[in-house]
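Heads up, the thing below is written out as structure tokens.
What follows draws every value from the coordinates through simple rules; no lab data is involved. Here the structure is a predicted model, which means the values were calculated and not measured. All Cβ positions, even for glycine, are placed from backbone atoms using ideal geometry, and neighbour counts span all protein chains on display.
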């Protein structure tokens, strides 16, 4: 399954689901002064980008050290994505990610990790970079674009919720969960297909 820049950005946006994570972001930022909200959003986005880039570039070495095959990673990554998708569809904001102490300024947890750079995102970049090693540059650019879009959504979180309403935010999360479930199923089938072809 070879991805273009556009399809890679769309896939990463679905996995990161910044719109579905708005409730977590708003709750986590409730105690942060307005003068610092922009800085915090950009800082957490940069941390998430660094973590996902590390997983992306170190994917093949990680697989080698752990003696893992691409097909096993495809199946396990697909299962993780499917679990996240089910949680999104059945109403857990952000796929079941818990918010941090609302009285403190969030740092790394829960905004950078696991809201943006969560298990599903890490598994996705690791899988795609290892299975499409000749397409890594496209994935790096796609990751940068996706994180930039996610940061913009976070910065405008309150305004977005006021404009579209909480019901639309929840509906978009369920829709993204459905699409993510289909992507997860395709990943699992792809891994199983590779396994049976190798036998």
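Worth pointing out:
- The simple Förster model, with R0 at 30 Å and r as the Cβ-Cβ distance, assigns residue 132 and residue 107 a FRET efficiency of 0.35.
- By average C-beta atoms within 10 angstrom, highest first, the peptides 174-187, 27-40: 174-187, 27-40
- Protection proxy ranking, peptides 114-125, 10-21, average beta carbon neighbours within 10 Å, highest first: 114-125, 10-21
- Rounded to the nearest 500, the 222 nm mean residue ellipticity of the chain from helices alone is -24000 deg cm²/dmol, with -39,500 (n - 2.57) taken per DSSP H run of at least 4 residues.
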